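The values are calculated or read from the model by the stated rules, or taken from the named source; none is laboratory data. In this text, all values refer to a predicted model and were calculated from it rather than measured experimentally. Positions of Cβ are backbone-derived with ideal geometry, glycine not excepted, and every protein chain shown enters the neighbour counts.
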Amino acid sequence: MLNATVDDWLANFRVRDLGLPYYGRDGRQRRYEEAVALAPANAAELIRPERIRERFAEAQDNIARLKREIAAARLDALIIVGDDQRELFGEQHQPAVAIYYGETIRNAAALPVAAGDWQGHVRMGFREPAADVHYPCASGLARHLIEGLVADEFDVAAVESLAADQFEGHAYGFIHRRYIGESGLPVVPVFINTYYPPNQPSPRRCVALGRAVAALVARFPDDIRVGIIGSGGLTHFLVDAEFDESIVAAFRRKDLDFLRTLDPLRLQSGNSEIRNWLVTAGAAAGLDLQWAAYVPGYRSPALSGTGLCWAVWR
């Protein structure tokens with residue numbers, strides 16, 4: 001949604017969402033019509049055009065603020081925790097956790113998009129407008145994390161390079177395109193299999209991974225400032241604002257027990273990206289949540305959309 005236009009929010013997604021599978025709180029898959037029937041009585045009020053425009057503007061303001069916050073942190077390296085949606089890994093090999101440790105990682109140039117192909121424009125927004133960019137990576141830190149996590153009995157796939165036709169996926173391209181650009185800030189891409197059974201890490205394992213990453217960063221021999229960012233949405237493609245807000249509240253009070261014991265049935269489909277936030281919150285447990293903004297990105301009578309969130313721990 002954050003690569004889309006306000007017109008996409010108002011109309012185009014509403015047509016696309018008719019064919020999406022949805023999951024309720026019970027973990028059961030349902031059709032769009034069922035989701036509409038179960039929507040709250042005030043759903044029509046929540047998707048009035050003026051409300052959608054307000055949320056779109058708020059989202060853009062939050063992107064701008066987080067970009068400023070990252071720049072102000074004056075980082076030497078940024079760990080990006082995201083999920084790969086069959087961009088690098090396929091059915092032949094889907095690691096539960098992987099870390100990229102090459103010297104650079106490529107993001108590809110955008111391809112031409114036909115007029116009227118709004119979804120194509122959204123997809124190409126993750127890529128580079130003119131030419132491929134090879135972004136710097138904090139290779140030494142990445143190797144330190146891989147070796148340390150393996151010693152801590154995490155099974156980590158180590159990725160040294162990409163195939164010629166591969167490039168960083170959407171979760172990482174978005175961070176580069178919208179937050180750090182060509183600033184030269186080295187990154188460490190960490191891949192979590194959030195979406196695909198049967199080897200999705202449990203909430204407990206995600207929090208433990210974040211805690212282990214923080215401990216390893218503290219033991220890294222170089223004197224550098226390291227940040228970590230979770231890339232992805234909260235609930236989607238049905239927005240559950242109550243559930244999302246309970247997660248943000250747990251971040252605020254550093255309630256790792258709440259996060260560890262989230263029901264995996266609540267983390268299906270797009271909701272699964274919450275796992276990226278669990279890793280990040282685990283790593284940030286020794287810090288304070290200084291700012292958080294939540295926008296329930298409703299876009300249809302079913303209240304389909306994305307729970308959009310931004311947060312800063314320091």
How many residues does the range 111-138 hold that are free of Cβ contacts under 8 Å to residues at least 60 places away in the same chain, surrounded by 17 or more Cβ atoms within 10 Å (Cβ to Cβ) and over 25 Å from Arg14 (Cα atoms)?
4
For the range 145-179, what are the residues that are in contact with a helix residue (DSSP H, G or I) (Cβ under 7 Å, 6 or more places away or on another chain) and closer than 15 Å to Val81 by Cβ?
Leu145, Leu149, Phe154, Val156, Tyr179
For the range 272-284, state whether one or more residues are buried (at least 23 other Cβ atoms within 10 Å of the Cβ) and aromatic (Phe, Trp, Tyr).
yes
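Quick grid of which residues meet (1) of a type in the set (D, E, K, R); (2) touching a His at 6+ places or on another chain (Cβ under 6 Å); (3) without any contact (Cβ under 8 Å) to a residue 40 or more places away in the chain; (4) in a helix (DSSP H, G or I):
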| residue | (1), (2), (3), (4) |
| --- | --- |
| Asp155 | yes, no, no, no |
| Leu162 | no, no, no, no |
| Arg177 | yes, no, no, yes |
| Val190 | no, no, no, no |
| Tyr195 | no, no, no, no |
| Leu216 | no, no, no, yes |
Filtered residues of the range 102-138 (kept if farther than 16 Å from Glu87 by Cβ, part of a loop (DSSP other than H, G, I, E, B) and in contact with a helix residue (DSSP H, G or I) (Cβ under 8 Å, 6 or more places away or on another chain)):
Glu103, Val113, Ala114
Would the range 93-101 turn up any residue that is within 30 Å of Glu147 (Cβ to Cβ), of a type in the set (Phe, Trp, Tyr) and either modelled with pLDDT under 95 or not in a helix (DSSP H, G or I) (or both)?
yes
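Please pick out the residue among Ala130, Ala157, Ala138 that is closer than 25 Å to Gly270 by Cα and not acidic (Asp, Glu).
Numbers: Ala130 fails: closer than 25 Å to Gly270 by Cα; Ala138 fails: closer than 25 Å to Gly270 by Cα.
Of the residues listed, the single one that is closer than 25 Å to Gly270 by Cα and not acidic (Asp, Glu) is Ala157.
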